[in-house]
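> The structure's right below; bear with me while I get my questions together.
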Amino acid sequence: MKIDLGPVSRIEGHLNVRTTVENGTVIDAQCMGEMFRGFEVFLKGRDPLDAQQITQRICGVCPYAHAIASSYAQENAYGLRVPPNGRILHNLIQGANHLYDYLLQFYQLSALDFVDVTAILKYQGADPDLVKIRNWVKAELASGKPYPAAPFLPRLSGRYIANAEINIGALKHYVEAMELQKKANSASAIFGGKFPHATAIFPGGCTQDARIDLITNYQALIQEVRNFIHSKYIPDLIAVAQAFPEYWNIGASKGGFLSFGLMPMGPTPESKKLFAAGALFNGQVTPVNFELITEDTKYSKYSSPSGLKVRDGQLTPNPRKAGAYSWIKAPRYMGKMVEVGPAARVLVDYYQGNNPKVKALVKKYAGIVGIAPAKINSVLGRHLCRAISAVVIADFLLDETERLSPGEPTMAEIKVPSSGEGFGATEASRGALLHYIRIENHKIDRYECVVPTTWNGSPRDDKGQPGAMESALIGTKVKTPEEQIESLRIVHSFDPCIACAVH
Amino acid sequence: MLDRRNFLKLAAALSTAFGISNLPAPVQAALKKINPATLPKIIYLQGMSCTGCSISLLQANAPSPAALITEYSQLAFHADLSATSGKQSLNLINAFISGKAGEYILALEGSIPDQMPEACVIGDKPLAKYLEEAARTMTAAVAVGTCACDGGIPAAEGNPTGAIGLREFYKRRNIDKLVVNIRGCSVHPDWVWHTIVHLVKVGLPELTDGGSPKLFYAKKVHEQCPRYHDFQQEIFARNLGEKGCLFKLGCLGPDTYADCPTRWWNSGQNWCVDANAPCIGCASPNFARQKRIPFYRLAEAATQKI
């Protein structure tokens, strides 16, 4: 029986998942990216400095990651030496953006898969926020209008958390998280100019000054977000994990892991990073080599050749191509399927022993929830690794502010050469992000992006290997095949972004 | 003498004083249909978008985003927030769009691929089909962001999908329907929420020729810029990161209608020029449209002598 799960809600963009279910088990899954804009087409021939602006519009959820990857790529192409303040401000802008994204992903995008909204009807307390929500839901349900209490209802059938106290607490934090994500973004905007789509990020640094009042303002906002992460987000995540322990065994992807590393701690993008880069296969990590990445298109809606390396990338849309089922290409590393994202970032760092804090947090939380670190390859593991990333990044950002030199330059002087090329790689909140720029006659000759959900949401490659999310769905047992809340939870754990994946 | 400018002013004043009879037919129809006693339901659809406008709507300050979607409007469907998913959400969308679930305002984020319908599909059909059907049932539409208004980034030169905005989409189909344009890449949350609140509480706000509320889009960024004095004194930044008027670095404030200089972004935290970043004209209908007009003019600025 074939069942489409699309349009999938509470993700970025246009995703369908075509499942085949037999005897209550998903025996096949196809991830179908259903939106295409053609960034690589319209970037060609533009001024190179347009790139960190245009590519932010690939994704309004994680625009700063694109601005940073594009800036790194251009810095490499221009041979820029970035002043220490410039590199730190890049980190402060990008890091705060990660924090907002983790809160949004857990509360707004994922929590309603687990938390029972209707529990609020039983609320007896006097918290004004909760009383307001309760009265609103009551009035909505009594109103007789179609679709009351939207967007929180209707919802898919399935088991939700039974404990009223946990549900009500999580709902309060859902509303609070909406306020806290704004604070993280305000912090980003102090140096980025605004959010979404920062205008102050450039190759070579940031146009905003490193002023003591701005730094103090940033610290105060991040401190508030950090407090929320520790006092609300992590306890709520643990409560969800304890209510749904089976999700440590559901949704494992069946390939390797890839991370490009996050936030250089020295002057160049290649300096030692807060989270180390690496490709992880069978417990062994090897250094990342961009030349080992190829993109297949047999099942993608392009007539351009399959299996090209990033620097040779081509894009010829072919919307009615026979046999193709997605606008997403199928990138592979050494020809193999990999998962990218928070689990990959944490595992790649953990296996290399790069950041002692990452190792300590993995051990701590694995101990609390009673799992082996290998179980990180699961629905709950991805959520846990987002929380671990949030803790590590929040502490790092506060330390990083102390390393700024107020009054010193924040920007290198930019001179765009007539020709050149460069790769720029970072970790978006959703995983490994790569930009490549080639300049000829002062214009962009080629621009390529390989984006986190391009990896995770990819269709089959030419050899028929499924993408990471497809592989994680296949084999899942589902109670209600028409709805499949189990599959939805798997998809949400990857936090897919289709605008990114196709671009 | 009553010149054209004053005539228009007078006409606007008269139409306010004597009701809505002088306004264009679709606007009148829209105004009559909106019932201030009931909150409008919003069906929020995404075209070729990056979700940046939706994320921006969550950055609303006061009222808070949670209040805006429950007390000031009703977000019947939004793909990023709705608990529902898949078939269930398609049924919900279709119930409204077919006219069976009552009045609603359509909000569209993102552009429409008019020459490649397969480039934006929701469930079992292209976005374009929903928009055509909604034109028969919706009260009015709000085009959220430069993409939905004018095509935006997907319509940049080279535009492989034939991306266009909602007004153009309806115009090509001879559909006469009120579309309020809220430009910005992304939009400022106030621009959208205050327009919706305005629609609900007092009716349609006064619009510019481009179909945007004058509340936010009546003046150019340049006219309101705190560095306008620098411009007059010819104090120009020559390199990125410098103070002074950013015009010579390529600032598009003189060409862009928006109130960023007085409104600021992210709960009043900052805005582009205060971060020494030139305005790139993201609220302009021509945003990023031509390859030969880059966002920045660094080489020119550095070589020019004052």
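The values are calculated or read from the model by the stated rules, or taken from the named source; none is laboratory data. All of these numbers come straight from a predicted model, not from anything done at the bench. No Cβ is skipped: glycine too gets one built from the backbone with ideal geometry, and neighbour counts run over all protein chains shown. Each accessible area value is taken on the protein alone, full model and side chains, heavy atoms only, with ligands, DNA and RNA left out. Shrake-Rupley method; radii C 1.70, N 1.55, O 1.52, S 1.80 Å.
> Just for helices (runs of 4 or more DSSP H) wholly inside the range A:448-501: which have at least 3 residues that are touching a Phe, Trp or Tyr at 6+ places or on another chain (Cβ under 8 Å) and modelled with pLDDT of 95 or more?
A:468-473
> Can you tell me which of B:Q88, B:Q59 is within 7 Å of chain A (Cβ to nearest Cβ), open to solvent by 20 Å² or more (accessible area, probe 1.4 Å) and either modelled with pLDDT of 95 or more or within 19 Å of the chain's Cα centre (by Cα) (or both)?
Unique residue meeting the criteria: B:Q88.
> Is it the case that A:A198 is open to solvent by less than 10 Å² (accessible area, probe 1.4 Å), assigned to a loop (DSSP other than H, G, I, E, B) and not β-branched (V, I, T)?
Yes: the conditions hold for A:A198.
> Using the structure shown, decide if A:P496 is crowded, with 24+ Cβ neighbours inside 10 Å and away from every other protein chain (no Cβ under 14 Å).
no
> Hey, can you tell me all the residues within the range B:83-111 that are assigned to a loop (DSSP other than H, G, I, E, B) and closer than 27 Å to B:A155 by Cα?
Of everything in the range B:83-111, just one residue is assigned to a loop (DSSP other than H, G, I, E, B) and closer than 27 Å to B:A155 by Cα, namely B:G110.
> In the range A:24-72, what residues are away from every other protein chain (no Cβ under 11 Å) and open to solvent by 10 Å² or more (accessible area, probe 1.4 Å)?
A:G24, A:T25, A:I27, A:D28, A:Q30
> From the list B:L207, B:L199, B:L240, pick out the single residue that is buried (at least 17 other Cβ atoms within 10 Å of the Cβ) and not assigned by TED's automatic domain parsing to the domain that holds B:C50.
Going through B:L207, B:L199, B:L240 in turn, the sole match is B:L240.
> Follow-up. Touching a Gly at 6+ places or on another chain (Cβ under 6 Å), open to solvent by less than 30 Å² (accessible area, probe 1.4 Å) and within 24 Å of B:L92 (Cβ to Cβ): does that describe B:L131?
No, not satisfied.
> Where residues in the range B:156-170 are open to solvent by 10 Å² or more (accessible area, probe 1.4 Å) and either modelled with pLDDT under 95 or in contact with a Phe, Trp or Tyr (Cβ under 9 Å, 6 or more places away or on another chain) (or both), which of them is farthest from A:P317 (Cα to Cα)?
Selected residue: B:E157.
> Restricting the search to the range A:348-378, which residues are without any contact (Cβ under 8 Å) to a residue 12 or more places away in the chain and among the basic types (K, R)?
Within the range A:348-378, A:K359, A:K363, A:K364 qualify.
> Still on this model: Does B:A277 satisfy being free of Cβ contacts under 8 Å to residues at least 40 places away in the same chain, within 26 Å of A:D50 (Cβ to Cβ), within 14 Å of chain A (Cβ to nearest Cβ) and open to solvent by less than 30 Å² (accessible area, probe 1.4 Å)?
yes
> Something else: From the list B:A141, B:A60, B:A134, exactly one residue is in the same structural domain as B:S186 (by TED's automatic domain parsing), touching a strand residue (DSSP E or B) at 6+ places or on another chain (Cβ under 7 Å) and not in a helix (DSSP H, G or I). Which is it?
Residue meeting the stated conditions: B:A141.
> What number goes with the only condition from (1) more than 30 Å from A:G45 (Cβ to Cβ); (2) in contact with a strand residue (DSSP E or B) (Cβ under 6 Å, 6 or more places away or on another chain); (3) crowded, with 21+ Cβ neighbours inside 10 Å that A:I474 does not pass?
Every listed condition holds for A:I474 apart from (3).
> Against the definition (more than 22 Å from the chain's Cα centre (by Cα) and either open to solvent by 10 Å² or more (accessible area, probe 1.4 Å) or of a type in the set (D, E) (or both)), how does B:A83 come out, yes or no?
Here the answer is no, as B:A83 does not meet what is asked.
> Can you tell me which condition A:R134 does not meet? The list is (1) touching a residue at least 12 places away in the same chain (Cβ under 8 Å); (2) over 19 Å from B:I69 (Cβ atoms); (3) not polar (S, T, N, Q), and all the others hold.
Evaluating A:R134 over (1) touching a residue at least 12 places away in the same chain (Cβ under 8 Å); (2) over 19 Å from B:I69 (Cβ atoms); (3) not polar (S, T, N, Q) leaves (2) as the failure.
> Show the residue pairs that are 6+ apart or on different chains and have beta-carbon atoms under 8 Å apart, the first residue being within the range A:137-165 and of a type in the set (S, T, Y), the second being surrounded by 18 or more Cβ atoms within 10 Å (Cβ to Cβ) and in a loop (DSSP other than H, G, I, E, B).
Filtered contacts from the range A:137-165: A:Y147/A:P154; A:Y147/B:A101; A:S157/A:E483; A:Y160/A:F114; A:Y160/A:V115; A:Y160/A:D116.
> Moving on to the next point. Residue under question is A:T216, and the condition is that it be under 27 Å from A:L80 (Cα atoms) and either within 14 Å of chain B (Cβ to nearest Cβ) or over 22 Å from the mean Cα position of the chain (by Cα) (or both); does it hold?
It is false that A:T216 is under 27 Å from A:L80 (Cα atoms) and either within 14 Å of chain B (Cβ to nearest Cβ) or over 22 Å from the mean Cα position of the chain (by Cα) (or both).
> Here's another thing I want to ask about it. Looking at B:A101, B:A83, can you tell me which residue is closer than 21 Å to A:L141 by Cβ, touching a residue at least 40 places away in the same chain (Cβ under 8 Å) and within 7 Å of chain A (Cβ to nearest Cβ)?
Answer to the check: B:A101.
> Considering only residues that are assigned to a strand (DSSP E or B) and not hydrophobic (A, V, I, L, M, F, W, C), look in the range A:402-421 and name the one that is farthest from the other protein chains (Cβ to nearest Cβ).
Selected residue: A:E421.
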